[in-house]
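Note sheet for the following structure.
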Amino acid sequence: MAQVPGEVDNMEGLPAPNNNNPAAHWESPDRGWEREQLAASTAAASLFECSRIKALADEREAVQKKTFTKWVNSHLARVGCHIGDLYVDLRDGFVLTRLLEVLSGEQLPRPTRGRMRIHSLENVDKALQFLKEQRVHLENVGSHDIVDGNHRLTLGLVWTIILRFQVTLGWPLPSPARVGLRKAYPEVNIQNFTTSWRDGLAFNALIHRHRPDLVDFSKLTKSNANYNLQRAFRTAEQHLGLARLLDPEDVNMEAPDEKSIITYVVSFYHYFSKMKALAVEGKRIGKVLDQVLEVGKIIERYEELAAELLAWIHRTVGLISNQKFANSLSGVQQQLQAFTAYCTLEKPVKFQEKGNLEVLLFSIQSKLRACNRRLFVPREGCGIWDIDKAWGELEKAEHEREAALRAELIRQEKLELLAQRFDHKVAMRESWLNENQRLVSQDNFGYELPAVEAAMKKHEAIEADIAAYEERVQGVAELAQALAAEGYYDIRRVAAQRDSVLRQWALLTGLVGARRTRLEQNLALQKVFQEMVYMVDWMEEMQVPGGGTDAGGVPGGRETWTLKELTESWRW
């Protein structure tokens, strides 16, 4: 999927630095440090908030699992069944079938025997089909979800069953007497099915209202919540025969689970409603439930949450659809990390909100249907179908974002490898060029013809090596061109290194040419000297005593001639 807010070139949501503001260069270092500290604190607080939200969600899921497991066991006990793990024991479909038979009083199709996955899928599908026949709306729940032990959908299925067979069918018409409870117990202020029950007074008030002999309500205080809860739960279990669906720590917490408390409170209602002598008191419980879940407020809350969720989805789709990525490997890696953080931290919270909206709408429709009132139709654009459609667009944008990010990551990794290859070749070429420049800068050709001729041959070999090396030098230029064509972020450095190599290459070829010129001149001079030596030797052989000229034409007048004189005479 794909990341979201706060990016898109900057996925953490922090504004990009304004390098065009001249005043920023003159800003006090202390103020800049304070801003950095503030930004770091804000990021840490945001991460803590996300972690806290996830921890609370995990706590609520654990409480739901425990409560629903006990609720299921309380009904399965009628047929001698028991489960240990809600997620595991519902997978094969046998327990689910027995539970629906107990709750509905009807006979379901006989489960298929066998332990293979296909048998489990068939059994669960039979149970789900029965629920559909009972006009129970199953949103995005398939048999494979239950067989695979999907936590969220398994809890959702059990909650749907509770709503259908315990809450919806058990609630009376909206005429309960919540006012009587509030007048009798002014310290009990029930506003919701979460925090209003934390201190335990509400549970004790329910019991005391119908069985005052079981609870001494005057001795209870708000400050001793665990004691109040423990006493109410133990009394309900021992004297009313109600299964203990909750423990004190499940209620006395920061954010108690609404579904678990509703499930337990409704069990009180069913108990009291079945007592003929206390029929009026049973209606009072219904009045409390009707007051807390008053339809108008629930509808208002639904529309508010739906509008907020849709606004977040549309805003997120807009941010994710912008596929401008950082032009560096580290930048793209940071964007991918930010996208992953969005998928694992931010989106799951919104997905949970989406599921809560579905439950809320189902609860609204169930209450309205139970009261024989017209079903609620969300305003245009705020229906569950609108949210599902927008969510589908979000997941499509996430998929495209992730695919584009990973493609860009692969491209940047290839570019980085190409840049490393370029740097390696530049280092090798510069080392070779420097060594050969030093070599051709030396003119120790020797002082004799054979030495100079050997130097010439060595120089020709050097020239051949250098000519063969030209292709490697051009390879550096080609790599630089490839990096430029792919938009490499550090192309200026690459171009500078390429130009440096080409300059050194031009310098080397110039040095080689100049050295050949000097070498050729030296070789020609040595050949002249060699000819002179041959001539001098010949003249020495032709020297004769006396003052005349011998047969070879050597001038006379002196008995001997020096080598220098003979040479000069030969020259003239």
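Against the condition assigned to a helix (DSSP H, G or I), in contact with a Gly (Cβ under 7 Å, 6 or more places away or on another chain) and either among the charged types (D, E, K, R) or at positive phi (or both), how does LYS414 come out, does it pass?
When the stated conditions are applied, LYS414 does not pass them.
So, in segment 193-230, of the ones that are assigned to a loop (DSSP other than H, G, I, E, B) and basic (Lys, Arg), which residue ends up farthest from the chain's Cα centre (by Cα)?
Initial filter on segment 193-230 (assigned to a loop (DSSP other than H, G, I, E, B)): 193-194, 198-200, 211-216, 220-224.
So of that shortlist, the ones also basic (Lys, Arg) come out as 198, 211, 222.
Numbers: ARG198: 37, ARG211: 55, LYS222: 44 Å.
Among residues in segment 193-230 that are assigned to a loop (DSSP other than H, G, I, E, B) and basic (Lys, Arg), the one farthest from the chain's Cα centre (by Cα) is ARG211.
Tell me the residue from ASN123, ASN150 that is outside the structural domain of VAL266 (by TED's automatic domain parsing), crowded, with 19+ Cβ neighbours inside 10 Å and either free of Cβ contacts under 8 Å to residues at least 12 places away in the same chain or closer than 18 Å to ILE83 by Cα (or both), please. Lay out the reasoning, then the answer.
On the way: ASN150 fails: crowded, with 19+ Cβ neighbours inside 10 Å.
Matching residue, one of ASN123, ASN150: ASN123.
Matching residues to (1) in a helix (DSSP H, G or I); (2) out of contact with any helix residue (DSSP H, G or I) (no Cβ under 9 Å at 6 or more places or on another chain); (3) of a type in the set (Asp, Glu); (4) at pLDDT below 80:
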site: GLN420; (1), (2), (3), (4): yes, yes, no, no
site: GLU430; (1), (2), (3), (4): yes, no, yes, no
site: GLU435; (1), (2), (3), (4): yes, yes, yes, no
site: ARG438; (1), (2), (3), (4): yes, yes, no, no
site: GLY446; (1), (2), (3), (4): no, no, no, yes
site: ALA461; (1), (2), (3), (4): yes, yes, no, yes
site: ALA468; (1), (2), (3), (4): yes, yes, no, yes
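Run SER223 past the list (1) in contact with a Leu (Cβ under 9 Å, 6 or more places away or on another chain); (2) closer than 23 Å to GLN191 by Cβ; (3) free of Cβ contacts under 8 Å to residues at least 40 places away in the same chain; (4) polar (S, T, N, Q) and report the number of the one that doesn't hold.
Against the list (1) in contact with a Leu (Cβ under 9 Å, 6 or more places away or on another chain); (2) closer than 23 Å to GLN191 by Cβ; (3) free of Cβ contacts under 8 Å to residues at least 40 places away in the same chain; (4) polar (S, T, N, Q), SER223 comes up short only on (1).
Tell me, which residue of segment 310-332 that is modelled with pLDDT of 80 or more and touching a Leu at 6+ places or on another chain (Cβ under 7 Å) is farthest from ALA404 (Cα to Cα)?
Among those residues, the one meeting the criterion is ILE313.
Considering segment 315-348 alone, what residues qualify as being loosely packed, with under 13 Cβ neighbours inside 10 Å, touching a residue at least 60 places away in the same chain (Cβ under 8 Å) and part of a helix (DSSP H, G or I)?
ARG315 - this is the single residue of segment 315-348 that is loosely packed, with under 13 Cβ neighbours inside 10 Å, touching a residue at least 60 places away in the same chain (Cβ under 8 Å) and part of a helix (DSSP H, G or I).
For residues that are touching a helix residue (DSSP H, G or I) at 6+ places or on another chain (Cβ under 8 Å) and either without any contact (Cβ under 8 Å) to a residue 24 or more places away in the chain or surrounded by fewer than 21 Cβ atoms within 10 Å (Cβ to Cβ) (or both), tally how many sit in segment 228-247.
Within segment 228-247, residues that are touching a helix residue (DSSP H, G or I) at 6+ places or on another chain (Cβ under 8 Å) and either without any contact (Cβ under 8 Å) to a residue 24 or more places away in the chain or surrounded by fewer than 21 Cβ atoms within 10 Å (Cβ to Cβ) (or both) number 8.
Which one is surrounded by the most Cβ atoms within 10 Å (Cβ to Cβ), of the residues in segment 470-502 that are free of Cβ contacts under 8 Å to residues at least 12 places away in the same chain and touching a helix residue (DSSP H, G or I) at 6+ places or on another chain (Cβ under 8 Å)?
So, considering only residues that are free of Cβ contacts under 8 Å to residues at least 12 places away in the same chain and touching a helix residue (DSSP H, G or I) at 6+ places or on another chain (Cβ under 8 Å), the one surrounded by the most Cβ atoms within 10 Å (Cβ to Cβ) is ILE491.
Would you point out the residue of segment 538-549, among those that are surrounded by 11 or more Cβ atoms within 10 Å (Cβ to Cβ) and modelled with pLDDT of 75 or more, that is farthest from VAL440 (Cα to Cα)?
Taking the candidates together, the pick is MET542.
So, in segment 349-377, exactly how many residues are assigned to a helix (DSSP H, G or I) and modelled with pLDDT of 80 or more?
18
So which residues in segment 448-459 are over 21 Å from GLN504 (Cβ atoms) and either surrounded by 13 or more Cβ atoms within 10 Å (Cβ to Cβ) or modelled with pLDDT of 80 or more (or both), if there are any at all?
Once the filter is applied, which keeps residues that are over 21 Å from GLN504 (Cβ atoms) and either surrounded by 13 or more Cβ atoms within 10 Å (Cβ to Cβ) or modelled with pLDDT of 80 or more (or both), segment 448-459 yields LEU449, ALA451, VAL452, GLU453, ALA454, ALA455, MET456, LYS457, LYS458.
Residues of segment 305-343 being among the β-branched types (Val, Ile, Thr) and closer than 23 Å to ALA390 by Cα, which ones?
Our first condition is that a residue be among the β-branched types (Val, Ile, Thr); within segment 305-343, this holds for 313, 316-317, 320, 332, 340.
Passing the criteria: ILE313, THR316, VAL317, ILE320, THR340.
Just the residues that are surrounded by fewer than 16 Cβ atoms within 10 Å (Cβ to Cβ) and either among the charged types (D, E, K, R) or more than 31 Å from the chain's Cα centre (by Cα) (or both), please, taken from segment 50-73.
Answer for segment 50-73, where residues must be surrounded by fewer than 16 Cβ atoms within 10 Å (Cβ to Cβ) and either among the charged types (D, E, K, R) or more than 31 Å from the chain's Cα centre (by Cα) (or both): ARG52, LYS54, ASP58, GLU61.
Just to be sure before I move on: is VAL452 in a helix (DSSP H, G or I) and within 59 Å of the chain's Cα centre (by Cα) in the structure I sent? Break it down stepwise before answering.
Numbers: in a helix (DSSP H, G or I): yes; within 59 Å of the chain's Cα centre (by Cα): no.
So VAL452 does not fit the description; no.
Quick one: is ASP443 surrounded by 13 or more Cβ atoms within 10 Å (Cβ to Cβ) and of a type in the set (D, E, K, R)?
Details: surrounded by 13 or more Cβ atoms within 10 Å (Cβ to Cβ): no; of a type in the set (D, E, K, R): yes.
The answer is no for ASP443.
The values are calculated or read from the model by the stated rules, or taken from the named source; none is laboratory data. Nothing here was measured: the structure is a model prediction, and the numbers come from that model. Glycine also receives a Cβ, built like all others from the backbone with ideal geometry; neighbour counts cover every protein chain displayed.
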